[in-house]
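S.K.: Mind looking over this structure? Questions follow.
The values are calculated or read from the model by the stated rules, or taken from the named source; none is laboratory data. Small disclaimer: the values here were computed from a predicted structure and weren't measured. Here the Cβ positions follow ideal geometry from the backbone for every residue, glycine too, while neighbour counts run over all protein chains shown.
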Amino acid sequence: MGEKKEILQCPCGRWIESPSDYKLMFLKKLDMEIDILCPNDACYLKELGCITFKIENGKLVWKEAKFYPPYVTWNYSQLGKEKAEKIMREHLKKIVTERVEWEKVKEETLKAIESHYGKKEEKKKEE
Ligand SMILES: [Zn+2]
């Protein structure tokens, strides 16, 4: 059996030891969603979770960070729900607070909104 590793694992087999292991991808700019990806390029799941945010009065407001069910349930079954939940919460917190470059995300989002909807959108912020 061997000792039980208290680290997360992607269902593809890749161990994820720290929040810096994930790859972050910000493509869904208009959806205001940042993807959290498995570090394994050959992973069949790829997307392990996401971070969502919104822009309010020109300010970026973080909404939610979560992992998707395949990753969550796999780790529940490996580590037990309590332990896995605790580690995953820590990972999400670190990703949100330390890894995401929010200033850059905000800039890119505003740019995407502007080029998609035109500058009129900016006036809508006064509700
Ligand atoms: Zn994977």
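S.K.: Got a sec? Which helices (runs of 4 or more DSSP H) wholly within segment 29-127 have at least 2 residues that are under 14 Å from ILE16 (Cβ atoms)?
M.R.: 69-79, 81-94
S.K.: Right, something else. What do you reckon, is GLN9 over 16 Å from THR97 (Cα atoms), touching a Lys or Arg at 6+ places or on another chain (Cβ under 9 Å) and of a type outside the set (Val, Ile, Thr)?
M.R.: no
S.K.: Of everything in segment 22-38, what is more than 16 Å from the ligand (Cβ to nearest atom), surrounded by fewer than 16 Cβ atoms within 10 Å (Cβ to Cβ) and among the hydrophobic types (A, V, I, L, M, F, W, C)? Give them in sequence order.
M.R.: LEU27, LEU30
S.K.: While we're here: Within segment 20-45, restricting attention to residues that are within 18 Å of VAL96 (Cβ to Cβ) and of a type in the set (Ser, Thr, Tyr), which residue is nearest to the chain's Cα centre (by Cα)?
M.R.: TYR22
S.K.: Residue under question is THR97, and the condition is that it be among the hydroxyl-bearing types (Ser, Thr, Tyr) and under 30 Å from TYR117 (Cα atoms); does it hold?
M.R.: Yes: the conditions hold for THR97.
S.K.: If you go through segment 61-83 one residue at a time, do you hit one that is under 17 Å from the mean Cα position of the chain (by Cα), basic (Lys, Arg) and within 12 Å of the ligand (Cβ to nearest atom)?
M.R.: No: zero hits.
S.K.: Output the residues belonging to segment 101-119 that are surrounded by 12 or more Cβ atoms within 10 Å (Cβ to Cβ) and either of a type in the set (Phe, Trp, Tyr) or at positive phi (or both).
M.R.: Correct list: TRP102, TYR117.
S.K.: A further question on this structure: Return a yes/no flag: does segment 55-62 have any residue that is exposed (fewer than 13 other Cβ atoms within 10 Å of the Cβ) and at pLDDT 95 or above.
M.R.: Within segment 55-62, not a single residue is exposed (fewer than 13 other Cβ atoms within 10 Å of the Cβ) and at pLDDT 95 or above.
S.K.: If I ask for residues that are in contact with a strand residue (DSSP E or B) (Cβ under 8 Å, 6 or more places away or on another chain) and either among the hydroxyl-bearing types (Ser, Thr, Tyr) or within 17 Å of PRO69 (Cβ to Cβ) (or both), which ones from segment 10-24 would you list?
M.R.: CYS10, ILE16, TYR22, listed by residue number.
S.K.: Let me ask something additional. Can you tell me how many residues within segment 3-21 are more than 14 Å from the ligand (Cβ to nearest atom) and assigned to a loop (DSSP other than H, G, I, E, B)?
M.R.: The total comes to 5.
S.K.: Does any residue in segment 39-56 that is over 18 Å from LYS94 (Cα atoms) and within 16 Å of the ligand (Cβ to nearest atom) come within less than 7 Å, Cβ to Cβ, of a residue that is modelled with pLDDT under 95 and in a loop (DSSP other than H, G, I, E, B) six or more places away or on a different chain, and which pairs are these?
M.R.: Taking only residues 6 or more apart or on different chains, not a single pair turns up.
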